[in-house]
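Visitor: Take a look at this one; I'll ask things after.
The values are calculated or read from the model by the stated rules, or taken from the named source; none is laboratory data. Bear in mind the structure is a predicted one, so any value in this text is a computation, not a measurement. Backbone-built Cβ (ideal geometry, glycine too); neighbour counts: all protein chains shown. Heavy atoms of the whole protein, side chains included, go into the accessibility calculation; ligands, DNA and RNA do not. Shrake-Rupley method; radii C 1.70, N 1.55, O 1.52, S 1.80 Å.
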Amino acid sequence: MSEPRVSIHGQWSSRWIFILAATGSAVGLGNIWKFPYITGENGGGAFVLVYLACIACIGIPIMMAEIMLGRRGRQNPINTMHTLAQESGASRHWRLLGWSGVVAGLLILSFYSVIAGWALSYIVKTASGTFEGADGDAVSAVFGDMLAGPGGLLFWHTVFILMTMAVVARGVKSGLEKAVQFLMPALFVILLVMVGYAATTGAFSQGLKFLFNPDFSKLTADGVLVAMGHAFFTLSLGMGAIMIYGSYLPHKASIASTTFYIAGADTLVALLAGMAIFPIIFANGLEPGAGPGLVFVTLPIAFGQMDGGLIIGTLFFVLLTFAAWSSSISLIEPAVTWLVENKGLSRAKTCVVFGAMTWLLGIGTVLSFNHWADYKLFDKTFFDLLDYLTTNIMLPLGGLFIALFAGWVLSRADSREELQMDDGLGYRVWLFLVKFVAPLAVIVVFVKAIGLI
Ligand code: TRP
């Protein structure tokens, strides 16, 4: 056995902390903001089924692969891929995988932060009673007004970038994961409360039917691509975030069971969010395909009407902000570790550099909801394009190459050693999935979405 490397950034103090941090990365706006709105846009049940299949057959095996590569390399994704490729006698171009991840992370953070800014601004709106007794029209008007004012959006985007950089500058291990221990379970409980409320709206079964009753005639090839892209997005896969978190994982921890916990918690939160939101949509005659504002125009109606809604609503947006916060730090961690390891810059300086870059780029997303709303390329605004390019193209491509590297380049002995699995059924199923199923699925969905078959 080769001598295990250590990360210069230290290690998680236990496997449990890693699970919390990785779950903190996975559970975020993707689950509560994005999953419901793309499900609404893509017709419901059939889309959800494809998404679940992607989690099981592509997401979970690739997450295991990504954690495994991270722990074996113990450096930023670029150096990790370089080192592991060298050790396996493969091309050093594998490090491009790390590069694409660093870039994807920065691009995603630029718009993620703007949306997290919406959640921040909704803390204030909810706490100050804006939604008390409001109906669907009033709530939609509040959301519309918020989007129309770039100044406010920019302000909250700035606050969120600063929050993210404050944690990353200190090092993720000493920062957020302590908070995550309490906040993740709290978010879970409040989602249960919202599902409980949704059950009283009279449209609960209609909402559940929309989510879980597949109607394949509503699913397009592009919808399948969106479902697959989202499986990567929601599990934080394909760009080195989980790889860098894996590089801080203690040596003895089992990667397979760890992955199941993370993916299970992430999926549960998304489904609960859907179960809370869709009944409210139908009970109030709203449009499921309303787009990115969906959560922000549905849940406030519930908060405005239910007992204690002011407190529950405020708490909800506080917890949503925390969920986004613990995700955003993982988006920039690969880039930061790369500069720190290779150029010897301090974490603080590195954060200033990347914070400024993502902040600037985020202005494009801010403007795409107002002044630039009519500037479109391929019928997409700046925000839509950035989201599509990263989530539906860069992440699946990154995942594809991670699967190929883990399945074809790394020797079986090496992957078995790192996963700590014997040559039993579990290992063989994993190997089959990363070698054949995941890569083929990504390629087929790509080709189909481009319209070649
Ligand atoms: N998974 C997070 C969410 O669902 C977002 C996220 C964090 C992410 N790190 C990532 C997405 C890395 C892609 C890659 O909100």
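Visitor: Condition test on Gly28, is it away from the ligand (no atom under 16 Å from the Cβ), crowded, with 24+ Cβ neighbours inside 10 Å and either of a type in the set (A, V, I, L, M) or under 23 Å from Tyr388 (Cβ atoms) (or both)?
Guide: no
Visitor: Can you tell which of Leu162, Leu187 is surrounded by 15 or more Cβ atoms within 10 Å (Cβ to Cβ) and either in contact with a Ser or Thr (Cβ under 9 Å, 6 or more places away or on another chain) or in contact (Cβ under 8 Å) with a residue 40 or more places away in the chain (or both)?
Guide: Leu187
Visitor: Something else about it: What number of residues within the stretch 70-81 satisfy the criterion of being out of contact with any Leu (no Cβ under 8 Å at 6 or more places or on another chain) and within 21 Å of Ala413 (Cβ to Cβ)?
Guide: Counting residues in the stretch 70-81 that are out of contact with any Leu (no Cβ under 8 Å at 6 or more places or on another chain) and within 21 Å of Ala413 (Cβ to Cβ) gives 1.
Visitor: List every residue pair whose Cβ atoms lie under 8 Å apart, where the two residues are 6 or more positions apart in sequence or sit on different chains, the first residue falls within the stretch 95-117 and is under 11 Å from His157 (Cα atoms) and aromatic (Phe, Trp, Tyr), and the second residue, located anywhere, is away from the ligand (no atom under 13 Å from the Cβ) and open to solvent by less than 10 Å² (accessible area, probe 1.4 Å).
Guide: Between residues of the stretch 95-117 that are under 11 Å from His157 (Cα atoms) and aromatic (Phe, Trp, Tyr) and residues that are away from the ligand (no atom under 13 Å from the Cβ) and open to solvent by less than 10 Å² (accessible area, probe 1.4 Å), the close pairs are Phe111/Gly362; Phe111/Thr365; Phe111/Phe383.
Visitor: Moving on. Say we look at the stretch 404-435 and pick out the residues that are out of contact with any Lys or Arg (no Cβ under 8 Å at 6 or more places or on another chain) and exposed (fewer than 13 other Cβ atoms within 10 Å of the Cβ); which of these is nearest to Cys57 (Cα to Cα)?
Guide: For the stretch 404-435, the residue satisfying everything is Val429.
Visitor: May I pose another question? How many residues does the stretch 41-63 hold that are open to solvent by 10 Å² or more (accessible area, probe 1.4 Å) and either away from the ligand (no atom under 16 Å from the Cβ) or touching a strand residue (DSSP E or B) at 6+ places or on another chain (Cβ under 8 Å) (or both)?
Guide: 8
Visitor: Follow-up question, since we're still on this one. So which pairs qualify, if the first residue must be in the stretch 382-395 and aliphatic (A, V, I, L, M), the second must be open to solvent by 50 Å² or more (accessible area, probe 1.4 Å) and in a helix (DSSP H, G or I), the Cβ gap must be under 8 Å, and the two must be at least 6 apart or on different chains?
Guide: As it stands, the answer is Met394/Val103, since those pairs meet every condition given.
Visitor: Considering each of Ala253, Ala198 in turn, give the residue that is more than 16 Å from the ligand (Cβ to nearest atom), hydrophobic (A, V, I, L, M, F, W, C) and surrounded by fewer than 22 Cβ atoms within 10 Å (Cβ to Cβ).
Guide: Matching residue, one of Ala253, Ala198: Ala253.
Visitor: Is it true that Trp99 is touching a helix residue (DSSP H, G or I) at 6+ places or on another chain (Cβ under 8 Å), within 16 Å of the ligand (Cβ to nearest atom) and open to solvent by less than 20 Å² (accessible area, probe 1.4 Å)?
Guide: Here the answer is no, as Trp99 does not meet what is asked.
Visitor: Restricting to the stretch 210-243, and then to whatever is within 16 Å of the ligand (Cβ to nearest atom) and among the aromatic types (Phe, Trp, Tyr), can you tell me which residue is most open to solvent (accessible area, probe 1.4 Å)?
Guide: Phe233
Visitor: If Gly399 meets every condition in (1) open to solvent by less than 60 Å² (accessible area, probe 1.4 Å); (2) free of Cβ contacts under 8 Å to residues at least 24 places away in the same chain; (3) of a type outside the set (S, T, N, Q) apart from one, which number is that one?
Guide: (2)
Visitor: Could you please find all residues in the stretch 201-254 being in contact with a Gly (Cβ under 7 Å, 6 or more places away or on another chain), in a loop (DSSP other than H, G, I, E, B) and among the hydrophobic types (A, V, I, L, M, F, W, C)?
Guide: Leu219, Leu235, Leu237, Met239
Visitor: Just checking, how many residues over the stretch 5-16 are surrounded by fewer than 20 Cβ atoms within 10 Å (Cβ to Cβ) and either among the basic types (Lys, Arg) or touching a helix residue (DSSP H, G or I) at 6+ places or on another chain (Cβ under 8 Å) (or both)?
Guide: The total comes to 3.
Visitor: Restricting attention to the stretch 393-407, does a residue exist that is among the aliphatic types (A, V, I, L, M) and either more than 16 Å from the ligand (Cβ to nearest atom) or touching a Leu at 6+ places or on another chain (Cβ under 6 Å) (or both)?
Guide: yes
Visitor: Determine whether the stretch 154-176 contains at least one residue that is among the aliphatic types (A, V, I, L, M) and closer than 22 Å to Gly308 by Cβ.
Guide: No - not one qualifying residue is present in the stretch 154-176.
Visitor: Output the residues belonging to the stretch 73-96 that are of a type outside the set (S, T, N, Q) and surrounded by fewer than 24 Cβ atoms within 10 Å (Cβ to Cβ).
Guide: Across the stretch 73-96, the qualifying residues are Arg74, His82, Leu84, Ala85, Glu87, Gly89, Ala90, Arg92, His93, Trp94, Arg95, Leu96.
Conditions tested, residue by residue: (1) more than 13 Å from the ligand (Cβ to nearest atom); (2) among the polar types (S, T, N, Q); (3) part of a helix (DSSP H, G or I); (4) farther than 20 Å from Pro4 by Cα.
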| residue | (1), (2), (3), (4) |
| --- | --- |
| Gln86 | yes, yes, yes, no |
| Gly89 | yes, no, no, no |
| His93 | yes, no, yes, yes |
| Leu109 | no, no, yes, yes |
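Visitor: I would also like to ask the following. Among the listed residues Leu385, Leu433, Leu419, which satisfies the condition of being in contact with a strand residue (DSSP E or B) (Cβ under 7 Å, 6 or more places away or on another chain), hydrophobic (A, V, I, L, M, F, W, C) and more than 16 Å from the ligand (Cβ to nearest atom)?
Guide: Leu385
Visitor: OK, next. Out of the residues in the stretch 317-331 that are within 9 Å of the ligand (Cβ to nearest atom) and not polar (S, T, N, Q), state the one that is farthest from Leu106 (Cα to Cα).
Guide: Checked the stretch 317-331; the qualifying residue farthest from Leu106 (Cα to Cα) is Ala323.
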